[in-house]
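Note sheet for the following structure.
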Amino acid sequence: MARRVTEVLAADAAAVLGLPTGRTPMPLYRLLARLGDEGTLDFSQATTFNLDEFLGIGPDHPGSYHAYMQQHLLSHVNLPSTRAHLLRGWTEDPERECARYEAEIEDAGGIDLQLLGIGANGHIGFNEPGPHLMARTHRASLRPGTRRANAIFFGGDSDAVPKEALSMGMGTILKARRIVLMATGKSKARAVQRTVHGSLTTRVPASFLQLHRDVELICDHAAAAGLGTR
Ligand code: F6R
């Protein structure tokens, strides 16, 4: 995954990257941070857009994805802060914030490489399974399981995890020119299996990645366990 990032930046120093948070990309960011600290990774002309952010907490909240990105990547690489874009979860006007974000992605020329993690329930970004999905950046309600999975960022207390978030929509993600989805651990095996072999369904948001012409899946053996079966 780190190689995908370095290759894209080597081909185009001004590439636009879409970035996830969560546990899965931590080793990736550790590696990129090390390259950044060594001065061998140049983010000086790059632009990044994070997938999502919790609603109702500020950038200094330790559970915020702002704090996560600062800790895991941004404090280690030479990316100008004006080009590190994250949704402002503390906004007074979520709808306007979502529209602003969509416009910023457009103004940047769209996303060249979108990195994704996947929820055990098949969500990508905070596009949760349900009767419908949203195309554009929107305000999203988080499922109890998703809040539990994020408790590690809130002192282990899932009740402290916000009930809502702002997230890129399915269309925002699918418009990226290239997508790399990563999954690790057996808790993701079913979601990976349904993403790759299942039918397109709003019950497994990641299944819509089947519609994209350039998606790569990088996973460990545990997450890939269901891929031999249909
Ligand atoms: C986070 C995000 C989520 C996570 C997913 C998996 O920005 O977009 O979709 O990728 O919840 O989270 P982990 O990696 O913690 O299992």
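Just to check your reading of the model, which residue among I118, I179 is assigned to a loop (DSSP other than H, G, I, E, B) and either touching a Leu at 6+ places or on another chain (Cβ under 8 Å) or among the polar types (S, T, N, Q) (or both)?
I118
Spot the failing condition for A108; the list is (1) touching a strand residue (DSSP E or B) at 6+ places or on another chain (Cβ under 8 Å); (2) more than 23 Å from L17 (Cβ to Cβ); (3) of a type in the set (A, V, I, L, M, F, W, C), and only one is missed.
Just one mismatch for A108, condition (2).
Each row is one residue, and each column tells you yes or no for (1) touching a Phe, Trp or Tyr at 6+ places or on another chain (Cβ under 7 Å); (2) surrounded by 16 or more Cβ atoms within 10 Å (Cβ to Cβ); (3) under 29 Å from V16 (Cβ atoms).
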{"site": "K175", "(1), (2), (3)": "no, yes, yes"}
{"site": "M182", "(1), (2), (3)": "no, yes, yes"}
{"site": "V196", "(1), (2), (3)": "no, yes, yes"}
{"site": "S199", "(1), (2), (3)": "no, no, no"}
{"site": "T202", "(1), (2), (3)": "no, yes, yes"}
{"site": "S207", "(1), (2), (3)": "no, yes, yes"}
{"site": "L211", "(1), (2), (3)": "no, no, yes"}
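Pick from G36, G56, G63, G18: which is modelled with pLDDT under 95 and of a type in the set (G, A, S)?
G36
Being within 16 Å of the ligand (Cβ to nearest atom) and farther than 12 Å from I173 by Cα is the filter here; which residues of segment 105-115 pass it?
Selection gives nothing.
Looking at A165, is it within 13 Å of the ligand (Cβ to nearest atom) and either touching a Pro at 6+ places or on another chain (Cβ under 9 Å) or more than 30 Å from T91 (Cβ to Cβ) (or both)?
no
When you look at I118, is it closer than 12 Å to N50 by Cα, within 16 Å of the ligand (Cβ to nearest atom) and in contact (Cβ under 8 Å) with a residue 40 or more places away in the chain, yes or no?
no
Quick check: is even one residue across segment 188-202 within 26 Å of W90 (Cα to Cα), out of contact with any helix residue (DSSP H, G or I) (no Cβ under 8 Å at 6 or more places or on another chain), assigned to a helix (DSSP H, G or I) and within 14 Å of the ligand (Cβ to nearest atom)?
No, every residue in segment 188-202 fails to be within 26 Å of W90 (Cα to Cα), out of contact with any helix residue (DSSP H, G or I) (no Cβ under 8 Å at 6 or more places or on another chain), assigned to a helix (DSSP H, G or I) and within 14 Å of the ligand (Cβ to nearest atom).
Those residues that are away from the ligand (no atom under 14 Å from the Cβ), within 22 Å of V5 (Cα to Cα) and among the hydroxyl-bearing types (S, T, Y), I need them from segment 48-104; list them, please.
S75, S81, T82
Of all residues in segment 81-101, count the ones that are surrounded by 14 or more Cβ atoms within 10 Å (Cβ to Cβ) and of a type in the set (D, E, K, R).
4
Anything in segment 128-148 that is in contact with a Gly (Cβ under 7 Å, 6 or more places away or on another chain) and either of a type in the set (G, A, S) or modelled with pLDDT of 95 or more (or both)? List them, or say none.
The answer is P129, M134, A135, R136, T137, H138.
The values are calculated or read from the model by the stated rules, or taken from the named source; none is laboratory data. Given the structure is predicted, the values throughout are model-derived calculations rather than measurements. For neighbour counting, all protein chains shown are included, and Cβ atoms are generated from backbone atoms with ideal geometry for every residue, glycine included.
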